[in-house]
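In what follows, a structure is listed as structure tokens, so that the remarks can point back to it.
The values are calculated or read from the model by the stated rules, or taken from the named source; none is laboratory data. Being a predicted model, the structure only gives us computed values, none of them experimental. Virtual Cβ from ideal backbone geometry, glycine too; neighbours counted across all protein chains shown.
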């Protein structure tokens, strides 16, 4: 395989294997919502409204505390354009979690709460010797968001709310091989980037309107946050002594935009036992044009192949992304079977923001279909929520000609296919 340029920027700063949303966005914030295709903007199900629509928090029937965890299990396969064995990810399980605590005034005019959730996080390891090893061998990333939230009922049918979104913790470990042979028989040189993101602030605001007992409408907006890693560690291994002067970088800086999302939702309650929801999410991915790594030290680009085809060169590594704005459609419902048992089902269709010729190995994104199931059982003030999701990404192929034409030869030509299974469980206490 001929790669015209091998850049360090693999695009994994705070990305994930897109468990339930396009690009590197992950939407696993509420256990009940997870079982309903991810709907929630036009509903007031529980305290997870802080994430889906802060304006609906005042309209939530019960105040309470809830915690949930999901296990994302991805099967990702790759086959090179030039043939050879099919490559598969090593098996890894990532466990994004959520925690909500909501409280309200006696007159139900005011509500407040705190939300903690993990919207980005993943662990990916490719098989040794795979064709894209000079783009990526593995990533391990974590993030935690904290969102204090307030909501106010303007009338008994209309409420508004907002929350401050805090990127409280973010960390990334990115590794790849370098196209430089190490000591005799030891394989290629290797580089590892390890860094933590600085704390950043954004906001999440929403409005909720319930004109009748059978209809509710919601809208929310989650602002863009620029996740920045400053002074991350750079570690080179197996570099031959003769090339040591070209691999002296010790730190790096990088920024990744976490895009703004505008959502609209409708809830329909034809009877007291059945609730249906439909959401549309519009994500401003077009803000993500380029990913740049700035390295501190001689040849900070990691001794990668420069545009001239020679090892060495710049202390700046850039990779084109050119994402497009994208839409996700979600549909789901729940039915109260008994006073304690509720069952759920849903589906989603997510349009990928990644254009042809721009697919990267850390997020081999494609249009995807999601199918979900869920259930809750309530006994007294306590409840248990379970959910399951199956996400099927369409097969995505890009050729060497595509990469050359788009000046994106820092990635690998071939075909990707990904499926994700996500079981989840949550506990809640209402009062």
- Task: Inspect the range 38-61 for any residue being more than 30 Å from residue 360 (Cα to Cα) and part of a strand (DSSP E or B) and give the result as yes or no.
- Result: no
- Task: Could you tell me which numbered condition residue 381 fails, if it satisfies all but one of (1) closer than 28 Å to residue 108 by Cβ; (2) free of Cβ contacts under 8 Å to residues at least 24 places away in the same chain?
- Result: (2)
- Message: So for the range 177-188 (the condition being surrounded by 14 or more Cβ atoms within 10 Å (Cβ to Cβ), modelled with pLDDT under 90 and over 21 Å from residue 361 (Cα atoms)), does at least one residue qualify?
- Response: yes
- Task: Might you let me know whether the range 88-100 holds any residue that is in a strand (DSSP E or B) and more than 28 Å from residue 347 (Cα to Cα)?
- Result: no
- Message: For residue 334, only one of the following conditions fails: (1) in contact with a strand residue (DSSP E or B) (Cβ under 8 Å, 6 or more places away or on another chain); (2) under 30 Å from residue 319 (Cα atoms). What is its number?
- Response: (2)
- Task: Answer yes or no: is there a residue in the range 124-131 that is assigned to a loop (DSSP other than H, G, I, E, B) and touching a residue at least 60 places away in the same chain (Cβ under 8 Å).
- Result: yes
